[in-house]
Amino acid sequence: MRLKSFLDSFNYALAGIVHTLRTQRNMKVHFFLAALVLVASLIFDISKIELIILFFTIVFVIAMEMVNTSVEVVVDMITEDYSYQARIAKNIAAGAVFMAALNSIVVGYLIFLDDLRALSLSVIHQIKKDPFHIMFITLGLLFIIVI
């Protein structure tokens, strides 16, 4: 294989990722949440194995979103009229993304559980020490509820 065609393959793949990111709202959400998780992995003390698992999970969700997008494009290309089979194909592809996203939530929960528990307990203890915070939190919640 020539170097030019090899580099072209990478360019086509990157163009597909960029297109999906620009045109699909859910892909933007996935990228934003992935960035949030990676920042959290820097803040909390996670192991190399946990980081590898997070990367695999992130890539799995993004890849499934790209497969879903490609299925939708192909189905729309094939038929303009309503088709029960087209709807089923799109729903199955969307279900695959949903399963990947659900898996990522479980993985993230299991990896960050102990760190988040310790963080939430320290915040609760801090609030207990200072009733002034409770007043502002209560006023803020009341304001949100009224609006």
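Listed values, structure above:
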| read-out | value |
| --- | --- |
| Yes/no for LYS4 being open to solvent by 90 Å² or more (accessible area, probe 1.4 Å), basic (Lys, Arg) and more than 20 Å from TYR109 (Cβ to Cβ) | yes |
| Any chance ILE62 is part of a helix (DSSP H, G or I), surrounded by 13 or more Cβ atoms within 10 Å (Cβ to Cβ) and at negative phi | yes |
| Count of residues meeting criterion [part of a helix (DSSP H, G or I) and open to solvent by 40 Å² or more (accessible area, probe 1.4 Å)] in the range 72-102 | 17 |
| Pairs where the first residue, in the range 9-23, is open to solvent by less than 90 Å² (accessible area, probe 1.4 Å) and the second is in a helix (DSSP H, G or I), C-beta under 7 Å, 6+ apart | GLY16/MET66; THR20/MET27; THR20/GLU65; THR20/MET66; THR20/THR69; LEU21/MET27; LEU21/LYS28; LEU21/PHE31 |
| VAL106, sole failed condition from (1) open to solvent by less than 30 Å² (accessible area, probe 1.4 Å); (2) under 24 Å from SER47 (Cα atoms) | (1) |
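Rundown of residues vs (1) modelled with pLDDT of 95 or more; (2) within 12 Å of GLY108 (Cβ to Cβ), yes/no style:
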| position | (1), (2) |
| --- | --- |
| LEU14 | no, no |
| LEU21 | no, no |
| LEU36 | no, yes |
| LEU42 | no, no |
| ASP45 | no, no |
| GLU50 | no, yes |
| VAL59 | yes, no |
| ILE62 | yes, no |
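The values are calculated or read from the model by the stated rules, or taken from the named source; none is laboratory data. Bear in mind that the values here come from a model prediction, so they are computed numbers and not experimental data. Cβ coordinates were reconstructed from backbone atoms using ideal geometry, including for glycine residues, and neighbour counts include every protein chain displayed. Quick note on the areas: whole protein, heavy atoms, side chains included, nothing else; ligands and nucleic acids left out. Shrake-Rupley method; radii C 1.70, N 1.55, O 1.52, S 1.80 Å.
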